[in-house]
Amino acid sequence: METNVEIMAKHISAQAEMFGRYAKDLYQKCLTMLKKYDAKDRIKKVYITGCGDSYFAGICVRDFFLNYAGVHTEARHAMELSRYILPYEVDENSLVVSISASGAVARTAECAIRAGEKGAISIGITTNPKGRLAEVAPDLLSIQLAENLGLAPGTQSYCASLLSLYCLGTALGYLNGTIGDTQVNHIFSYIAETCEAMRKTAEADSSLIRKYIEAYFKESNPFKVDMYHVLAEGPNWGTAQFAVMKLLEAAGFDSIAQGIEEWAHSQYFTTRPSTHTIVIAPKGKCHERALEILGAVTVKDGKKIVIGEENDDELRRAADIYLPIIGMGNIEEEFSPLVYAIPLELLAMHISDHLGRSGFDFENKPWVKEENFRQIFGSRIVTLKEEEDGR
């Protein structure tokens, strides 16, 4: 029987295949869907929502929507959007994109329902075309994952959410006239390049991460890790939160995601030699600030794990452990979440393997799984009409 780690490795290697297999077909579906809503003249605001990985994917792609679709875009957690924002801000000129890989998350389904009640364009994104979200979302984008890979902390489903959003943002930009055929072709060519970079990065970084774990998880090592701070900004703020979720799901390792800037105001003070600070630093708007922050980690005697491009010598010199992105240089920041998540997935996978544990331990504690699923999938959905009626 395969271990969760072996299954997770299959998920990681399957991700790159997904983009070549589904991207253009998804893009055409998005064009067809948006055209029937007269999206060019209608959509003034976009809200992307979900829980967990689905929400993080929205954060990662928000800047892509802003730059390529030319529309005000926000990524909001499903509870926040459904109960606190949607009743007041969402209207017929809004596009609400509700994401749930499982298709069963109650709060995300609630967003799709409420968006429809407000007259917005309400689109669901899922890998389960027969799930609850598929039943309640007025329109649906679904993507089929590779079969028979087994259950493991979601990486492939996260990639599916990212791909769907990139396709939707591209279609909206094309219809709005923000981008033309040449730019559309560039986007999909660029995505194909990142797929190759994903493969090469997974191959190169896996051995580096194993060596890191062998050194820093020894009981005798005075710098043995007991806490991760995962830092990023912009599109990769979602990547940082995704990394913390994978460390939790794969290995039960509780960590903190923080903005690169905000870390200086907060976790700087709790950094110590056993704190390993992961800094996600593509060559974009946060790069210079990331270098400054790495100096501050040194002052506090923390260990620095840095993810950056292969040829970024300045960043490499500032790191204690450097995990390079292989196969692409000067990656456009809006696309960087596609490949910058790979070293973090590998880190979670190898820590799980080294510690010999999974994060949730559902097999040994079925009652924990039962309550978790009840909370996430069985929560009562409240429509706007029911809320107004006091029910």
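Output the Cα-based Rg and Dmax of the stretch 197-355 in Å, rounding Rg to one decimal and Dmax to a whole number.
For the stretch 197-355, the Cα radius of gyration and maximum Cα-Cα distance read 14.1, 41 Å.
Describe numerically, in nm with one decimal, the distance between label points set 7 Å from Cα along Cα→Cβ at Glu261 and at Leu248.
Here the answer is 2.5 nm between the modelled labels.
Please work out the C-alpha center-to-center distance from the stretch 195-267 to the stretch 96-127 and express it in whole Å.
The distance from the Cα centre of the stretch 195-267 to that of the stretch 96-127 comes to 31 Å.
Round to the nearest 10 and give me the degree value, 0 to 90, for the angle of helix 53-64's Cα axis relative to the longest principal axis of the chain.
80 degrees
Quick one: 3J(HN,Hα) in Hz for the stretch 265-279, Karplus 6.51/-1.76/1.60 with θ = phi - 60°, rounded, Gly and Pro as x.
Listing the rounded values in order: 9, 9, 5, 3, 6, 9, 6, 8, x, 8, 8, 9, 9, 9, 10 Hz.
Specify the angular offset, from 0 to 90 degrees and rounded to the nearest 10, of the alpha carbon long axis of helix 342-355 from the longest principal axis of the alpha carbons in the chain.
Rounded to the nearest ten degrees, it is 60.
Tell me which residues come under 5 Å, amide H to amide H, from Thr73 once H is placed; ignore anything under 5 positions away on its chain.
Hits under the 5 Å cutoff: Val46.
If the chain between Asp25 and Lys211 were fully stretched, how many nm would it gain, using 0.36 nm times the residue separation less the Cα-Cα distance?
Gain on extension, Asp25 to Lys211, equals 62.9 nm.
Given labels modelled 7 Å from the Cα in the Cβ direction, how far is it in nm from His354 to Glu219?
Going by the 7 Å Cα→Cβ label model, 1.6 nm.
Fewest to most neighbouring Cβ within 10 Å: what's the order for Cys30, Cys60, Cys167?
Cys30, Cys167, Cys60
Could you give me D for the stretch 39-93, from Stokes-Einstein at 37 °C and 0.692 mPa s, where the hydrodynamic radius is the Kirkwood radius over C-alpha pairs? Units µm² s⁻¹, please.
Answer from the Stokes-Einstein relation: 283 µm²/s.
Fewest to most neighbouring Cβ within 10 Å: what's the order for Leu141, Leu66?
By the 10 Å Cβ count, ascending, the order reads Leu66, Leu141.
Could you work out how far helix 366-377 tilts from the main Cα principal axis of the chain, as a 0 to 90 degree angle to the nearest 10?
The answer is roughly 40 degrees.
Hey, fewest Cβ within 10 Å first, where do Met79, Met245 land in order?
By the 10 Å Cβ count, ascending, the order reads Met79, Met245.
List the residues, sorted by chain then number, that are 5 or more residues from Ile99 or on another chain and whose placed amide H is less than 5 Å from its amide H.
Long-range HN contacts for Ile99: Thr49, Gly50, Ile125.
Which cross-chain or sequence-distant (5 or more) residues have an amide H under 5 Å from the amide H of Phe253, H modelled 1.01 Å from N in plane?
Sorted by chain and number, the residues that satisfy this are Leu248.
Go ahead and collect, in residue order, the members of the stretch 243-264 whose backbone nitrogen is under 13 Å from a label point 7 Å along the Cα-Cβ direction of Val368.
Residues 248-254 qualify, since their backbone N sits under 13 Å from the label point.
Taking a threshold of 23 Å on the Cα-Cα distance, which of the pairs Lys246/Lys369; Lys35/Lys118; Lys45/Lys130; Lys211/Lys246 fall above it?
Lys45/Lys130
If R0 is 25 Å, what FRET efficiency do you get for Gln183 and Lys36 from their C-beta distance, rounded to 0.05?
After rounding, the FRET efficiency stands at 0.60.
Taking the chain as the region of interest, what is the percent of Cα-Cα pairs per 20 angstrom bin, listed from the shortest bin to the one with the maximum distance?
28, 58, 14, 0
Can you compute the helix-only [θ] at 222 nm over the chain? Use -39500 (n - 2.57) per DSSP H run of at least 4 residues, normalise by all residues, nearest 500 deg cm²/dmol.
Dividing the helical sum by the residues of the chain leaves -16000 deg cm²/dmol.
Taken together, the values in this text are just the output of simple stated rules run on the coordinates, not laboratory data. What you are looking at is a predicted structure, and each value in this text was computed from that prediction instead of being measured. We place every Cβ from the backbone using ideal geometry, glycine too, and count neighbours over all the protein chains shown.
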